[in-house]
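Coordinate-derived values only; no laboratory data. Fair warning: this is a prediction, and the values are worked out from it, not measured in the lab. Neighbour counts run over all protein chains shown; Cβ positions are idealised from the backbone, glycine included.
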């Protein structure tokens with residue numbers, strides 16, 4: 001890889017989502033409703049993800065809003081092990097990650113390893129749906145890759 005390569009020069013698609021970790025999702029939805037609402041609340045819990053080399057469950061509350069085509073995700077950590085727990089336990093709240101929707105999450109993980117990024121949280125939900133959170137030393141912002149067909153998990157047509 002070119003020594004001058006950056007995330008911007010690798011050919012990634014535009015950022016699809018900004019993720020914010022919050023202490024109180026209800027309070028945050030009310031605070032930001034006029035900017036990013038209406039909100040869609042979902043259970044964001046993740047069972048048996050690979051987290052820092054071991055299997056871990058995480059219970060998360062998630063709310064999704066939008067700014068034009070950009071998805072705004074609010075995440076409240078409830079229980080278990082995840083990057084969100086680390087963030088809150090370090091006394092932080094606010095912007096946590098940027099998400100890129102990609103065709104081949106594993107391929108992108110390999111591509112950005114040369115830039116110092118390593119996966120810390122990973123889950124293959126099914127054959128066509130994978131997410132990975134990646135971090136690099138000295139950078140508090142996490143990069144997320146989401147591989148998922150537009151119709152949702154399990155909807156990619158063979159071929």
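The Cα atoms of the chain cover 44, 38, 31 Å along the three principal axes, with the biggest extent listed first. Each principal axis of region 10-61 carries a Cα extent, and these read 39, 33, 16 Å when sorted largest first.
Here the calculated FRET efficiency for residue 118 and residue 35, from their Cβ-Cβ distance with R0 = 41 Å, stands at 0.80, rounded to the nearest 0.05. Region 114-145 and region 8-49 have Cα centres spaced 16 Å apart. Ordering 74, 7 from the fewest to the most neighbouring beta carbons within 10 Å gives 7, 74. The smallest convex shape that holds all Cα atoms of region 1-90, its convex hull, gives 145 Å³ per residue. Simple spin-label estimate for residue 8 and residue 141 gives 1.1 nm between the two label positions (7 Å along the Cα-to-Cβ direction from each Cα).
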